1. Just give me the residues in region 1-28 being touching a Leu at 6+ places or on another chain (Cβ under 8 Å) and either among the hydrophobic types (A, V, I, L, M, F, W, C) or surrounded by fewer than 16 Cβ atoms within 10 Å (Cβ to Cβ) (or both), in sequence order.
2. Among the numbered conditions (1) modelled with pLDDT of 90 or more; (2) among the aliphatic types (A, V, I, L, M); (3) in contact with a Leu (Cβ under 9 Å, 6 or more places away or on another chain), tell me where V38 comes up short.
3. Only one of V45, V31 is surrounded by 13 or more Cβ atoms within 10 Å (Cβ to Cβ), of a type in the set (V, I, T) and under 11 Å from the mean Cα position of the chain (by Cα). Can you tell me which?
4. Any chance region 63-79 includes a residue that's aromatic (F, W, Y) and either part of a loop (DSSP other than H, G, I, E, B) or at pLDDT 90 or above (or both)?
5. Go through region 56-67 and count every residue that is in contact (Cβ under 8 Å) with a residue 12 or more places away in the chain, loosely packed, with under 13 Cβ neighbours inside 10 Å and of a type outside the set (V, I, T).
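The values are calculated or read from the model by the stated rules, or taken from the named source; none is laboratory data. The shown structure was predicted, so the numbers you read here are calculated from the model rather than taken from an experiment. No Cβ is skipped: glycine too gets one built from the backbone with ideal geometry, and neighbour counts run over all protein chains shown.
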Amino acid sequence: MRVPPEFRDREDTEVAVLDALVARADDGMTVLELRSGVDATIDEVESALSALKAAGLIDVQETDGRVRIYPDDRVVPDPGEGVADDPGLLDVIRRRLGL
């Protein structure tokens, strides 16, 4: 599952972090899990997490001494919305142009 289009107009690392979190929305992820699931350095992941937290798009919770990160409910598409896993034509063009 991917983040809806209205949340994709962000830095590439932020979108990758949101996509990873949406894929595991029920369980959340640790920073280490995010780092292994996103093709970015730890500094880039931390910067993306900071920006996403400031925008209110993620929720950070500590349970049993472990910090887990969850996507905000509005970022998780409804199962019936049919957000495709494949990038659309506009997404591909934006990435190639660096937009």
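1. Scanning region 1-28 gives V3, F7, V17, L18, A20, L21.
2. Evaluating V38 over (1) modelled with pLDDT of 90 or more; (2) among the aliphatic types (A, V, I, L, M); (3) in contact with a Leu (Cβ under 9 Å, 6 or more places away or on another chain) leaves (3) as the failure.
3. Values: V31 fails: under 11 Å from the mean Cα position of the chain (by Cα).
Exactly one residue qualifies, and that residue is V45.
4. Of all residues in region 63-79, those aromatic (F, W, Y) come to 70.
Filter once more, so that each one left must be either part of a loop (DSSP other than H, G, I, E, B) or at pLDDT 90 or above (or both): 70.
Yes.
5. Here the count works out to 3.
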